[in-house]
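Comments concern the structure below.
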Amino acid sequence: MTTNRAGRLDEFGTTIFAEMSALALQTGSINLGQGFPDTDGPPFVLDAAIAAIREGRGNQYPPGAGIPELRRAVCSHQHANYGLEFDAETEVLITVGATEGIAASILGHTAPGDEVITFEPYYDSYAASIALGGAIRRVVTLRPQDGRWTFDPDELRAAVTSKSRLILLNTPHNPTGTVFTRLELQLVADLAREHDLLIVSDEVYEHLVFDGRQHIPIATLPGMAERTITISSAGKTFSVTGWKVGWVCAPPKLLGPVRAVKQFLTYVGSGPFQYAIADGLAAPPAFYRELATSLAARRDIFTNGLLELGYQVMIPQATYFATIDVGAEAEKWCRALPEQVGVVAIPSRVFYDSDIDRYVRFAFCKKEEVLREALSRLAGPQLQVST
Ligand code: PMP
Ligand code: GLN
């Protein structure tokens, strides 16, 4: 199960999320590893899914591109939030989570040997999707600077070669919690235009942005809509990570190859949930604000708690995740944590190509009492990491 016949998955093994969630169950630990909330989404969305099932909407194969109601709702969402215009018929594809959208975009737009530029630490499916198509990843490292994570523009420029095909961007960024600024996006956009590269932009945390910051889709920058594939999903926005409803928005000539791949990966998925998310996306702006406010409050409880315990914490601007710097051997630290302390976290090493093993990622999208219990466990005796 760890590879495929072509050997393209040899380097990957089991995903860290499956491994760590299993360890949490085995040891009875608090699971701050895999990023999923411990409360379900808003009742109006849950009820809409139940109603769809009962009323026989989506129980049989939905249309290949996704149900028209959801495609239209995605268009309205993109327009209301960002002023982006997409045509529901030709420019929106509903996928089985963002994960499928990312995989289909990479498989649809790269040939073996093409290079894909992405930023490390990166979400784990990126490397696997790039490898599955026989493409090659080139990573640009994000580093902490002035309380957030950013890249060196020269390193980004140096990553472009004659084989570069696309830049896979993620903002707001997992695991660092960084929201790319307009200036950073402009650097990416300039490079893409100069070298005729596509952008695949993963924006699944678009609504989990804190402290009044703004998420900027790179497709809104001048001249970028025509070369950008924008991807998002309902999992984070509606706290239903198990539903796996995602979407891809792009001009028809970019969406075509994505659709061609997607139809043979899953054809379609998540029938009744598509109806529920179409309703969800019609939520008023206050819904999105409250979601971010509630999560920011939990970020503060957790990161303040870690700071009080003496951990070196990087305060995220967005997402579900906070990172601490343990200096070295973070992977060993994470592997000892469940057994010795009763908490599960993710060693960020798995998100790097470079040999960087000092960061640990915690998911704080949990109930306040769960976070407080995790903090009290972390306050216990110092972890013994064997070398
Ligand atoms: N991109 C990023 C950056 C993620 O953290 C995740 C995990 N939720 C995904 C994509 C996958 O999203 P989905 O569950 O909708 O497939
Ligand atoms: N996106 C979530 C995370 O980064 C979980 C994804 C998964 O389980 N594959 O933790």
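The values are calculated or read from the model by the stated rules, or taken from the named source; none is laboratory data. Worth saying up front: this structure is predicted, and the values here are computed from it rather than measured. Using ideal geometry, Cβ is built from the backbone for each residue, glycine included, and neighbour counts are taken over all protein chains shown. Heavy atoms of the whole protein, side chains included, go into the accessibility calculation; ligands, DNA and RNA do not. Shrake-Rupley method; radii C 1.70, N 1.55, O 1.52, S 1.80 Å.
Once phi is turned into θ = phi - 60°, what whole-Hz ³J(HN,Hα) does the Karplus curve with 6.51, -1.76 and 1.60 give for every residue of region 288-297, x standing for Gly and Pro?
5, 5, 5, 4, 5, 5, 5, 5, 4, 5
With the Cα gyration tensor of region 90-130 in hand, convert its eigenvalues to equivalent ellipsoid semi-axes via √(5λ) and list them largest first in whole Å.
Value: 19, 14, 8 Å, ordered largest first.
Could you tell me whether region 223-270 comes out rounded, prolate or oblate from its Cα gyration tensor? Rule is a ≥ b ≥ c as square roots of the eigenvalues, rounded for a/c under 1.5, then prolate if a/b exceeds b/c, otherwise oblate.
Verdict is oblate for region 223-270.
Shape of region 85-153 from its Cα gyration tensor (a ≥ b ≥ c, root eigenvalues): rounded if a/c is under 1.5, otherwise prolate when a/b > b/c, or oblate?
oblate
Please grab the % of Cα pairs in region 179-250 that end up more than 15 Å from each other.
Value for region 179-250 (Cα pairs over 15 Å): 57 percent.
Based on the Cα atoms of region 36-166, what semi-axes does the equivalent ellipsoid have, where each is the square root of 5 times one gyration tensor eigenvalue, given in whole Å with the largest first?
Sorted largest first and rounded, they come to 35, 20, 16 Å.
Which ³J(HN,Hα) values in Hz, rounded to whole numbers, follow from the phi angles of region 13-21 under the Karplus curve 6.51 cos²θ - 1.76 cosθ + 1.60, where θ = phi - 60° and Gly and Pro get x?
Couplings: x, 7, 5, 4, 6, 5, 4, 6, 5 Hz.
Output the Cα-based Rg and Dmax of region 239-373 in Å, rounding Rg to one decimal and Dmax to a whole number.
In order Rg, Dmax, the Cα atoms of region 239-373 give 19.3, 53 Å.
For region 282-337, what is the convex hull (Cα atoms) projected area averaged across all directions, in square nanometres?
Its Cα hull, projected and averaged over all orientations, spans 5.0 nm².
Between I136 and residues 5 or more places away or on another chain, which pairs have amide H atoms under 5 Å apart, with H built 1.01 Å from N, and which residues are they?
It is G113, D114, E115, V116, by chain and number.
Taking all protein chains as present, what is the carbon and sulfur share of the accessible area of region 4-110, in % to the nearest whole number, probe 1.4 Å?
52 percent
Students often get this wrong, so check it: of K244/K332; K262/K367; K253/K366; K163/K332; K244/K366, which have C-alpha atoms separated by over 30 Å?
K244/K332; K262/K367; K253/K366; K163/K332
What does the extension gain come out to for E339 and Q186, with contour length at 0.36 nm per residue minus their alpha carbon separation?
Gain on stretching E339 to Q186: 50.5 nm.
For region 340-355, what does the Karplus curve 6.51 cos²θ - 1.76 cosθ + 1.60, with θ = phi - 60°, yield as ³J(HN,Hα) per residue in whole Hz, taken in order and with x for Gly and Pro?
Computed from phi, the couplings for region 340-355 are 8, 10, x, 9, 10, 9, 10, x, 5, 3, 5, 9, 10, 8, 5, 8 Hz.
Considering the chain as a Gaussian network with a 10 Å cut-off on Cα pairs, which listed residue, N81, N174, N31, attains the greatest mean-square fluctuation?
Judging by the Gaussian network model, the answer is N81.
Modelled label-to-label distance, E194 and Q60, 7 Å Cα→beta-carbon offset: nm?
5.5 nm
Would you look at the GNM of the chain, springs on alpha carbons closer than 10 Å, and say which of S270, S162, S294 moves the most?
S162
Amide H neighbours of I30 under 5 Å, counting only residues 5+ apart in sequence or on other chains, H built in-plane at 1.01 Å?
Those qualifying (amide H under 5 Å, at least 5 residues apart or on another chain) are V343, V344.
Using a 10 angstrom cutoff on alpha carbons, build the Gaussian network for the chain and name the most mobile of V344, V248, V188.
In the Gaussian network model the winner is V188.
Which percent of the accessible heavy-atom area of region 120-262 goes to carbon and sulfur, probe 1.4 angstrom?
On region 120-262, the fraction of accessible area on carbon and sulfur atoms equals 51 percent.
Over the chain, consider all pairs of different Cα atoms and compute the Kirkwood hydrodynamic radius from their mean reciprocal separation; express it in Å, one decimal.
After inverting the mean inverse Cα-Cα distance, the result is 21.4 Å.
Within region 323-387, what whole-number % of the accessible surface is contributed by carbon and sulfur, with the 1.4 Å probe and all protein chains included in the calculation?
44 percent
What number comes out for accessible area per residue over region 307-387 if the probe is 1.4 Å? Units Å², please.
For region 307-387, the solvent-accessible area averages 44 Å² per residue.
Give me the 1.4 Å probe accessible area per residue for region 108-187, excluding ligands and nucleic acids, in Å².
Value for region 108-187: 35 Å² per residue.
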